[in-house]
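Heads up, the thing below is written out as structure tokens.
The values are calculated or read from the model by the stated rules, or taken from the named source; none is laboratory data. Only a predicted model underlies this, so the values are computations on that prediction, with no experimental measurement involved. Because the Cβ atoms are built from the backbone with ideal geometry, glycine has one as well, and the counts that use them run over all protein chains shown.
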């Protein structure tokens, strides 16, 4: 599993994921801070990354393009730091690993997780 962390999330996620044996990189290491979501989306798809974000635009891109990849993991939480929600996020990633590998949009909320298989219809 390879995770590309969107600009809107803390780079602290990189170290957290790595400590949990998940390969991760923050967008600021491979792109520009003002790159459009479409650029991030294309990079993730071409390089087999999961987009990790709290930006709802990635779900809209998946719906509009009927894309089969990349998988997108959207956080819907008041606290977006790994210290607060990291452990439960990792459990969720592991629990839904098969769906992520096949292509899915996962919306994560502390109280609810929604999985939609790609392409979105």
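Some notes on this structure:
- Taking the criterion of being in a loop (DSSP other than H, G, I, E, B) and without any contact (Cβ under 8 Å) to a residue 24 or more places away in the chain, the residues of the stretch 1-22 that qualify are 11, 21.
- Filtered residues of the stretch 46-57 (kept if out of contact with any helix residue (DSSP H, G or I) (no Cβ under 6 Å at 6 or more places or on another chain) and assigned to a helix (DSSP H, G or I)): 46
- Matching residues in the stretch 41-75 - criterion: being at pLDDT 95 or above, loosely packed, with under 15 Cβ neighbours inside 10 Å and under 13 Å from the mean Cα position of the chain (by Cα): 48
- Residue in the stretch 90-104 that is surrounded by fewer than 17 Cβ atoms within 10 Å (Cβ to Cβ), in contact (Cβ under 8 Å) with a residue 24 or more places away in the chain and within 17 Å of residue 13 (Cα to Cα) present: no
- Residues satisfying the stated conditions in the stretch 12-40, i.e. farther than 23 Å from residue 68 by Cα and crowded, with 17+ Cβ neighbours inside 10 Å: 13, 14, 16, 17
- Matching residues in the stretch 23-45 - criterion: being in a loop (DSSP other than H, G, I, E, B) and in contact with a strand residue (DSSP E or B) (Cβ under 6 Å, 6 or more places away or on another chain): none
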